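The values are calculated or read from the model by the stated rules, or taken from the named source; none is laboratory data. Only a predicted model underlies this, so the values are computations on that prediction, with no experimental measurement involved. Every residue, glycine among them, receives a Cβ derived from its backbone with ideal geometry; neighbour counts consider all protein chains shown.
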Amino acid sequence: MIKVILKKGRDESLRRFHPWVFSGAIAQIQGHPHEGDIVAVHSAEGEFLASGHYQIGSIAVRVLSFSGDPLSPDFWTIAIERARLEREALGLPSPQTNCFRLVHGEGDGLPGLIIDWYDGVCVLQAHSVGMFRAKKSICEALQAVFGDSLKAVYDKSSSTAPFKAGLELVDGYLYQAPSFAGAETCVLENGHSFMVNWEEGQKTGFFLDQRDNRYLVGKYAPGRRVLNLFCYTGGFSIYALEGGAAQVDSVDSSAKAMALVDRNVALTGKADRHNSFCTDAIDFLSATPEGKYDLIIVDPPAFAKHRGALNNALRAYQRLNAAAISRVSPGGLVFTFSCSQVVDKITFAQLVFSAAAQTGRSVRIVDRLCQGGDHPVSIYHPEGEYLKGLLLYVE
């Protein structure tokens, strides 16, 4: 295994089990690793610290192990089984929920790898060259762990793997059982039905990280007029309808997403209380009269995917939240979120505070929201807490 030698005094984060080695911490590399190769990281004094995938960029090594051997034939099977056992401890899957995140990158000790489970179909996304190159081994591990309950493994890494690495980024199936029925299925989440298409949908087909927050929307929905902005396939809308909302309006600029919203709403049998609007969510909100809605959900895509876009993103989040807070009815609720990893929860709370102050209304924080437990955050890698949200009560 090629050795990566750190500069003197630059080993503290690894000794605290942080899973990244930054390029600036490296003194020398003994050998010539290709991107995606597994390398061993040593201190300046020659002590072995960790091993992981080598990568070109500011994060030079993504750690797979602080003790074991990632080159071991059973490494991937052990890692997948460990993730499965954690989900089992959370009660996943269950008769009410058969879709969840099986592997969540650093949170499961597998940086650069995402696997979502849709009733026996695993959708894989590699965010690093190392994980992309290991996808065959990962598929074999999934077959070993799940056996006959595994229906298919679909690689959807074309939009996530590093495009400059010269990889053949073509999405496709790594495995299909004889009984596999196709690219779309109806899944259950907390007893609610959703159509998911992993081939054509965003991300892996569904935003599984909002499961617990969708449940809260259903809890607070009875009798309320609900506006779901950036609704995608209507997750929050379905929970609001099933929870007893008087009316639900869903807004998204994607015609494909809105078509799936309508199909998901049809599954509830409550389409008479729902309206779909295929338009820009910010423009729709700007044209909304004050007091029209009693509950507004603001769940935009990541406005900042890197630090260079942070300032513009913060201004966009502030304008959006000010518009929502100013328009919700007195005594209304606003669920507001950011999934931008570079916007931490303190910064997000501050920008929502600024937005509230801009409106002049009395606003209280009822709850602080985050991603579900199947999207775990390693205590040694706080950067993994990417989804943050606030539930606001507005007088």
Some residue of region 1-17 being part of a loop (DSSP other than H, G, I, E, B), crowded, with 17+ Cβ neighbours inside 10 Å and not charged (D, E, K, R): no
Residue match in region 167-181 (condition: in contact (Cβ under 8 Å) with a residue 40 or more places away in the chain and within 23 Å of L295 (Cα to Cα)): no
Single condition W198 does not satisfy, out of (1) out of contact with any Ser or Thr (no Cβ under 9 Å at 6 or more places or on another chain); (2) on the phi < 0 side of the Ramachandran plot: (1)
Qualifying strands (runs of 3 or more DSSP E) (wholly inside region 188-294; at least 1 residues being in contact with a Lys or Arg (Cβ under 6 Å, 6 or more places away or on another chain), buried (at least 18 other Cβ atoms within 10 Å of the Cβ) and among the small types (G, A, S)): none
Output for region 40-62, where each listed residue is of a type in the set (A, V, I, L, M) and in contact with a His (Cβ under 8 Å, 6 or more places away or on another chain): L49, V61
Any hit, region 325-337, residues being within 17 Å of the chain's Cα centre (by Cα) and in contact (Cβ under 8 Å) with a residue 60 or more places away in the chain: yes
Selection from region 295-309 of residues that are assigned to a helix (DSSP H, G or I) and surrounded by 13 or more Cβ atoms within 10 Å (Cβ to Cβ): A309
Residue among G46, G24, G57, G31 that is outside the structural domain of P376 (by TED's automatic domain parsing) and closer than 27 Å to D209 by Cβ: G57
Of residues in region 384-395 being under 23 Å from C99 (Cβ atoms) and not basic (K, R), the one surrounded by the most Cβ atoms within 10 Å (Cβ to Cβ): G389
Given (1) closer than 30 Å to L142 by Cα; (2) modelled with pLDDT of 95 or more; (3) in the same structural domain as G331 (by TED's automatic domain parsing), index of the condition A257 fails: (2)
V123 vs. criteria farther than 26 Å from V61 by Cβ and either among the basic types (K, R) or in contact with a Lys or Arg (Cβ under 8 Å, 6 or more places away or on another chain) (or both): yes
Qualifying residue in region 137-156 (condition: part of a loop (DSSP other than H, G, I, E, B) and surrounded by fewer than 17 Cβ atoms within 10 Å (Cβ to Cβ)): no
Test result for A44, modelled with pLDDT of 95 or more and surrounded by 18 or more Cβ atoms within 10 Å (Cβ to Cβ): no
Pairs with Cβ under 8 Å, 6+ apart, first in region 260-275 and of a type in the set (D, E), second part of a helix (DSSP H, G or I): D262/A271
Tally, over region 346-383, of residues that are buried (at least 20 other Cβ atoms within 10 Å of the Cβ) and among the aromatic types (F, W, Y): 1
